[in-house]
Amino acid sequence: MEYYCLTCRHVFAPGQELCGHLQQLFTSVQGEKIWRIRFLHRFAYEFYSDGQIQELIRDQPLMVSEVLCVDQFDTRTHTGLNAIGQRVSIFE
């Protein structure tokens, strides 16, 4: 599983330190929703705030192969509540 930063366009492997842009995104969504998406025909996962997702779907439908949305995101542990109320990591 690899992760992609939309700002610096860098791909991160699991266990690798994330860039400041992703850390800033995670901090900005503390206690809110965060989305982890893998778009169709792309390998790495991308992270979006709820507001960013709303902007994306307003313009056009999203073609995705996998989506995880967690609520009550905890920046410290990188976890949140999934659709069935379980606390899950955005990196798993």
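Below are the figures for this structure:
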quantity: Flag if Phe91 is open to solvent by 30 Å² or more (accessible area, probe 1.4 Å) and touching a residue at least 40 places away in the same chain (Cβ under 8 Å); calculated: yes
quantity: First in segment 23-39 and farther than 21 Å from Leu62 by Cα and in contact (Cβ under 8 Å) with a residue 24 or more places away in the chain, second anywhere and of a type in the set (Phe, Trp, Tyr) and surrounded by fewer than 19 Cβ atoms within 10 Å (Cβ to Cβ), Cβ under 6 Å, 6 or more apart; calculated: none
quantity: Selection count, segment 63-84, where residues are open to solvent by 50 Å² or more (accessible area, probe 1.4 Å), outside any strand (DSSP E or B) and of a type outside the set (S, T, N, Q); calculated: 4
quantity: Within segment 30-62, tally of residues that are farther than 17 Å from Gly80 by Cα, touching a Ser or Thr at 6+ places or on another chain (Cβ under 6 Å) and loosely packed, with under 15 Cβ neighbours inside 10 Å; calculated: 1
quantity: Criterion violated by Glu32 - all others in (1) outside any strand (DSSP E or B); (2) at pLDDT 95 or above; (3) under 12 Å from Phe91 (Cβ atoms); (4) not basic (Lys, Arg) satisfied; calculated: (3)
quantity: Criterion violated by Pro14 - all others in (1) at pLDDT 90 or above; (2) not in a strand (DSSP E or B) satisfied; calculated: (1)
quantity: Hits in segment 1-15 - residues which are of a type outside the set (A, V, I, L, M, F, W, C), free of Cβ contacts under 8 Å to residues at least 24 places away in the same chain and farther than 19 Å from Thr79 by Cβ; calculated: Thr7, Arg9, His10
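The values are calculated or read from the model by the stated rules, or taken from the named source; none is laboratory data. Note that the coordinates shown come from a computational prediction; the quantities given were computed from them, not determined experimentally. Every residue, glycine among them, receives a Cβ derived from its backbone with ideal geometry; neighbour counts consider all protein chains shown. Only protein heavy atoms, including side chains, enter the accessible area calculation; ligands, DNA and RNA are left aside. Shrake-Rupley method; radii C 1.70, N 1.55, O 1.52, S 1.80 Å.
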